[in-house]
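Have a look at the structure below before the remarks.
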Amino acid sequence: MSPYRRTAAFAVPLGLLVALTAAQVVHRSDTAVEFTGVTFALEAAGSATAGWEPVEQDWHPSTRPVTVEVPDHTPAPGGTVDVRVAVRNTAGVPAGAVVTLSDPDPSVDAPDLFDALHVQIAEDGVVLAEGPAPEVLAVLPGDLPADRQGHRVLDIRVQTPATGDDRWAGVRTGVQVVIEGTTR
């Protein structure tokens, strides 16, 4: 066999091997899957009792908003209602959490008191978010530990508008705390 044929006999299979390897590498990189942002159902609990800390029977899946029993009196204009909400992670990996508020009974025809509420969300005395109830959004700093290994407690202060008129006299609204979690 001539030296040229011998070289060609080795070069052709080697070239095919390189081409197939390159094709497999390109194919693998095209099928990479990104899992960032997968939503988790966390557990949440809440109370309007000062200094409250959750106990096991308080927890429920956060797929439904937290409902907190508030004393039956209506705060005066400019008055406040304070509630505490706790959140923990049920997933096997650490997760972040975002807290928002929603109006369970939005009014279409009349002015809605929920839209006029001012809200502050804090953790350990540090304000995470503040503003009008429909717009407030708090991203919890750091991760929630995996597998129910601890929880975070948020203090939420809801302030009624101090308008100086009777616009909100006798008007009531619900406020729901919505907690969503994602991987980081």
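Among the residues of the range 27-73, just one is basic (K, R) and at pLDDT 60 or above, namely R64. Out of everything in the range 108-123 that is free of Cβ contacts under 8 Å to residues at least 40 places away in the same chain and small (G, A, S), what residue ends up being nearest to R148 (Cα to Cα)? It comes out as A122. Screening the range 84-184 for strands (runs of 3 or more DSSP E) wholly inside it with 1 or more residues that are buried (at least 16 other Cβ atoms within 10 Å of the Cβ) and at pLDDT 95 or above returns the ranges 118-123, 126-132, 137-139, 152-159. Of the candidates V126, V139, V178, the single residue that is out of contact with any Asp or Glu (no Cβ under 8 Å at 6 or more places or on another chain) and free of Cβ contacts under 8 Å to residues at least 12 places away in the same chain is V126.
Would you check if there is a residue in the range 160-170 being under 22 Å from R64 (Cα atoms) and over 13 Å from the mean Cα position of the chain (by Cα)? No, there is no match, as no residue in the range 160-170 is under 22 Å from R64 (Cα atoms) and over 13 Å from the mean Cα position of the chain (by Cα). Can you list residue pairs whose Cβ atoms sit under 7 Å apart, with the first residue in the range 81-101 being at positive phi and the second being surrounded by fewer than 22 Cβ atoms within 10 Å (Cβ to Cβ)? Count only pairs 6 or more apart in sequence or on different chains. Note: no pairs meet the criteria.
When the range 83-109 is filtered for residues that are closer than 16 Å to A45 by Cβ and not hydrophobic (A, V, I, L, M, F, W, C), the ones remaining, listed by number, are R84, R88, N89, T90.
The values are calculated or read from the model by the stated rules, or taken from the named source; none is laboratory data. Note that the structure is predicted; figures quoted are calculated from it, not measured. When we count neighbours, we look across all protein chains shown, and the Cβ atoms used for this are built from the backbone with ideal geometry, even at glycine.
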